[in-house]
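One structure is given below, encoded as C-alpha cells.
The values are calculated or read from the model by the stated rules, or taken from the named source; none is laboratory data. The model shown is predicted, which means the values in this text are computed figures rather than measured ones. Cβ placement follows ideal geometry from the backbone for every residue including glycine, while neighbour counts extend to all protein chains displayed. Just so you know, the surface numbers come from the protein's heavy atoms only, side chains and all, with ligands and any DNA or RNA stripped out. Shrake-Rupley method; radii C 1.70, N 1.55, O 1.52, S 1.80 Å.
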Amino acid sequence: MTSTHDIVVDQVQESRVGTTNFDNLIFGKTFTDHMLECTWRDGKWETAHIKPYGPIMVEPSSKVFHYGQAIFEGMKAFKDAQGNVHLFRPEDNWIRFNESAKRLAMPTVPEEIFMDGLKKLVDLDREWVRQGDGVSLYLRPFMIASENGVAAAPSTEYKFMIVMSPARAYYRGDVRVIIASQFSRAADGGVGYAKAAGNYAASFYPNNLALEEGYQQIIWTDAATHEYLEEAGTMNIFVRIGDKLLTSPHNDRILNGVTRRSVIQLAKDHNIDVEERRVSVKEMNEAAANGELKEIFGTGTAAVIVPVLGYKHEDFVHDLPAVDDSYATLFKQKLSDIHYNRVNDEHEWLVKI
Ligand SMILES: *Cc1c(COP(=O)(O)O)cnc(C)c1O
C-alpha cells in the first residue's frame, strides 16, 4: 500500500486489461481493475481508498434502499493519437455533483477527493483507455446513503465511489420519440436538475410504454401544461427550425448538461444562431407541417449527440427529412475533434492526466 495526498492505494495483483475483449463491449458492463471508495461519517470525509473493483458490504437497512438518497455523474476520459489521456470539462461535473448532493440533503465532496481521486484512478487504470474514434473510458462517480436504519431522515453516513467502464463508439439505432402529454419527468421545485438516481427510476415505466408503441424515447414536456419541450429522454434537447438552433433553458426541472453547454458554445463559434428559450410543441408541429423543422437531437455524455428521426405528438406523426448540412453531424464531429485532441482546444475543455 502506498499513500499520496491522503488517498490510500491498494493495487490489484494482476490487471484484467489483457484478457478484456475491447471489440466486444456492452455499454456499462465491464469495469476496470480499480475503484475509489470514501466514507462520510461523524460529519466528515474519511481517507479515500483506491482498491480492486469488487462488491461492497452494505446492510439491507441501508437508507439508500429505502429512501433513495443516491446521486451520480457521468463523464469520460479519451486517449489521443499520441497516447495522452484527457478528461473533458471535469470541473463542471464536480460542481454539478455537489449541487445534486445539496438537493438530496447529502454532504458535498471536496475537490481533493472528487478531482484528485478521479485523476489518480484514471491514471492508475490508463491502460483501459483505448484509442479510436468514439472509444472512451466512461467514468461514474456516485454517492449513496449508507447508514443502517429505516427511520425516514437523511442518512448520517454516506459512501462516495467512482467506478470506470471502457466504452466503444456507440450507435443507438434509429431514434423516434413520443412527445409526453401525460407523464412528467420533473416538476417545479423538484429534483429534475439534479442527477438523482430516482429521476431515472421514474422514467423507466413511461419509457417502456413508448417502447411498446415502437418509439425509443420520450421527449419530456413541462409538467404543468405539457406544452413546452424540456428534455429528450436522459439528454438535453435541441431543435433546429430553419437555420436557427433552439434549446430549452435550464431551470429546476431541466438538467444543466455539459454537452448542451458545449454545443451552445460550438454553435456560437460557427456563427450559428442559437437561442436558449422555451420551445412549444405547437411551434415545433407548425414548423414540421410547413417544412421548416430541420433537425431534433439530444445531447449527453454517453451518446454525445443523438439525432431524432421522427416523433409522435398525440395524433400528429412526423418524420424528419434528411438534411445535408446537419448541425448534429457538425457538432458531433467538432466535439470528437476536441475529445481526441485533434484540434486546438481553444476553450480549454481538456484536462490532461
Ligand atoms: C446527465 C443528463 C443529461 C446530459 O448531461 P451531460 O452533462 O451533457 O452528460 C441531460 N439530461 C439528463 C436528465 C441527465 O441526467
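Of the numbered conditions (1) near the ligand (Cβ under 9 Å from one of its atoms); (2) under 19 Å from residue 279 (Cβ atoms); (3) modelled with pLDDT of 95 or more, residue 225 satisfies every one except a single condition; which is it?
For residue 225, the exception is condition (1).
Filtering the range 185-200 down to residues that are touching a strand residue (DSSP E or B) at 6+ places or on another chain (Cβ under 6 Å) and within 13 Å of residue 235 (Cα to Cα), which residue is nearest to the ligand (Cβ to nearest atom)?
Among those residues, the one meeting the criterion is 195.
I need the full set of residues from the range 257-291 which are of a type in the set (A, V, I, L, M, F, W, C) and touching a residue at least 40 places away in the same chain (Cβ under 8 Å), in order please.
Listed by number, the residues that qualify are 258, 263, 266, 267, 272, 279, 281, 284, 287.
Out of the range 70-83, which residues are surrounded by 15 or more Cβ atoms within 10 Å (Cβ to Cβ) and either charged (D, E, K, R) or away from the ligand (no atom under 16 Å from the Cβ) (or both)?
Within the range 70-83, 73, 76, 79, 80 qualify.
Taking the residues in the range 45-69 that are closer than 25 Å to residue 351 by Cα and among the hydroxyl-bearing types (Ser, Thr, Tyr) as candidates, determine which candidate is nearest to the ligand (Cβ to nearest atom).
53
Looking at 88, 97, 78, can you tell me which residue is touching a Pro at 6+ places or on another chain (Cβ under 8 Å) and either within 15 Å of residue 162 (Cβ to Cβ) or aromatic (Phe, Trp, Tyr) (or both)?
97
With respect to the numbered conditions (1) away from the ligand (no atom under 15 Å from the Cβ); (2) of a type outside the set (Phe, Trp, Tyr); (3) in contact with a helix residue (DSSP H, G or I) (Cβ under 9 Å, 6 or more places away or on another chain), which one is the sole condition not fulfilled by residue 113?
The failed condition is (3).
For the range 252-271, how many residues meet the condition of being assigned to a loop (DSSP other than H, G, I, E, B) and touching an Asp or Glu at 6+ places or on another chain (Cβ under 8 Å)?
The total comes to 4.
Kindly indicate whether residue 294 is open to solvent by 20 Å² or more (accessible area, probe 1.4 Å), assigned to a strand (DSSP E or B) and touching a residue at least 40 places away in the same chain (Cβ under 8 Å).
For residue 294, the condition - open to solvent by 20 Å² or more (accessible area, probe 1.4 Å), assigned to a strand (DSSP E or B) and touching a residue at least 40 places away in the same chain (Cβ under 8 Å) - is met.
Is it the case that residue 221 is of a type in the set (Val, Ile, Thr), assigned by TED's automatic domain parsing to the domain that holds residue 331, within 29 Å of residue 290 (Cα to Cα) and surrounded by fewer than 16 Cβ atoms within 10 Å (Cβ to Cβ)?
When the stated conditions are applied, residue 221 does not pass them.
Does residue 243 fit the bill of being of a type in the set (Asp, Glu) and buried (at least 18 other Cβ atoms within 10 Å of the Cβ)?
no
Taking the condition open to solvent by 60 Å² or more (accessible area, probe 1.4 Å) and within 13 Å of the ligand (Cβ to nearest atom), does residue 250 pass?
yes
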